[in-house]
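The values are calculated or read from the model by the stated rules, or taken from the named source; none is laboratory data. Treat the numbers as computed from the prediction; the structure is a model and nothing was measured. Cβ placement follows ideal geometry from the backbone for every residue including glycine, while neighbour counts extend to all protein chains displayed.
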Amino acid sequence: MSRNYILPSIILSIGFILGSAVLGVYWKQARGKESFVTVKGLSEREVIADRGWMAVNTQFSSNSLEDIKAQMRSHENEIIDYLKSKGFGAEEITTDNINIFTNDYNNATYRYQANLRVTVSSSNVDAIEQASQDKSSLIAQGILISGDKWQNGPKYYYTKFTDIKTEMIAEATHEAKKAAEEFATNSGASVGDIRRANQGIFQFLPGDRSNEGDEFYKEKIIRVVSTLDFYLD
């Protein structure tokens with residue numbers, strides 16, 4: 001081999017050895033990062049609804065258009081008076097459906113049919129509950145109540161969710177890390193950085209954890225389960 005090629009060859013060989021060593025260290029570190037554990041963290045809060053809603057639906061019939069209009073005005077005023085007597089302000093009460101239509105089918109008993117719905121939305125959830133339980137007094141006045149609990153309520157909502165969302169995510173993450181640390185301790189490893197995180201979906205549950213919709217309960221449970229991957233060192 002010519003002397004002109006000896007020195008470059010030596011430099012190239014040294015460079016190859018050093019480069020291989022660096023890549024070997026990097027590969028070892030990368031391989032180490034592939035060890036991870038998947039854990040879940042739970043956070044729950046018991047809350048009380050701060051907003052309520054209910055509706056009064058009624059139907060009535062007549063053969064006279066003027067008469068059914070008069071019934072409409074009378075029923076609307078009686079329902080509004082009833083709601084005001086329960087402590088609701090005029091700004092909380094809305095007449096959101098008035099419908100008068102003609103019965104076109106044969107042998108109809110009445111020519112005209114009417115539907116009326118008055119709703120109330122209030123932060124006084126106890127008053128909502130009380131008013132929904134006392135509708136019998138409206139029936140005594142000749143106002144026939146129609147519809148089921150989905151249409152009429154009462155329904156209860158928690159509107160301050162954003163105030164506790166961040167805190168709950170932090171708690172779920174903390175609980176997940178505790179689970180990862182327990183696993184790592186039992187396996188002779190240590191917990192490293194988060195590899196991947198899935199915040200999870202927030203759920204609103206009835207306070208008694210039944211299978212019904214939470215909107216029918218003043219007492220609620222807010223729940224989130226976060227799933228995280230932690231590297232193991």
**OP:** Could you grab me the full set of residues in the range 68-80 that are in contact (Cβ under 8 Å) with a residue 24 or more places away in the chain, more than 11 Å from A114 (Cα to Cα) and either assigned to a strand (DSSP E or B) or charged (D, E, K, R) (or both)?
**Re:** E76, E78
Original post:
When the residues of the range 141-191 are filtered to those that are out of contact with any strand residue (DSSP E or B) (no Cβ under 8 Å at 6 or more places or on another chain) and on the phi > 0 side of the Ramachandran plot, which remaining residue is modelled with the lowest pLDDT?
Top reply: G142
Original post:
Of these, T58, T94, T119, T38, which one is without any contact (Cβ under 8 Å) to a residue 40 or more places away in the chain, touching a Ser or Thr at 6+ places or on another chain (Cβ under 9 Å) and assigned to a strand (DSSP E or B)?
Top reply: T94
**OP:** Return yes or no: is F88 surrounded by 16 or more Cβ atoms within 10 Å (Cβ to Cβ), of a type in the set (F, W, Y), on the phi < 0 side of the Ramachandran plot and touching a residue at least 60 places away in the same chain (Cβ under 8 Å)?
**Re:** no
**OP:** Can you confirm whether the range 180-193 contains a residue that is touching a Lys or Arg at 6+ places or on another chain (Cβ under 8 Å) and either among the basic types (K, R) or outside any strand (DSSP E or B) (or both)?
**Re:** no
Original post:
Would the range 110-118 turn up any residue that is surrounded by 14 or more Cβ atoms within 10 Å (Cβ to Cβ), over 24 Å from P206 (Cβ atoms) and of a type in the set (K, R)?
Top reply: yes
Original post:
Quick one: E44 ticks every box in (1) charged (D, E, K, R); (2) in a helix (DSSP H, G or I); (3) assigned by TED's automatic domain parsing to the domain that holds F204 bar one, so which box is it?
Top reply: (2)
Subject >> Pairs, first assigned by TED's automatic domain parsing to the domain that holds F204 in the range 161-172, second β-branched (V, I, T), C-beta under 6 Å, six or more apart >> reply: M168/V224; A172/V224
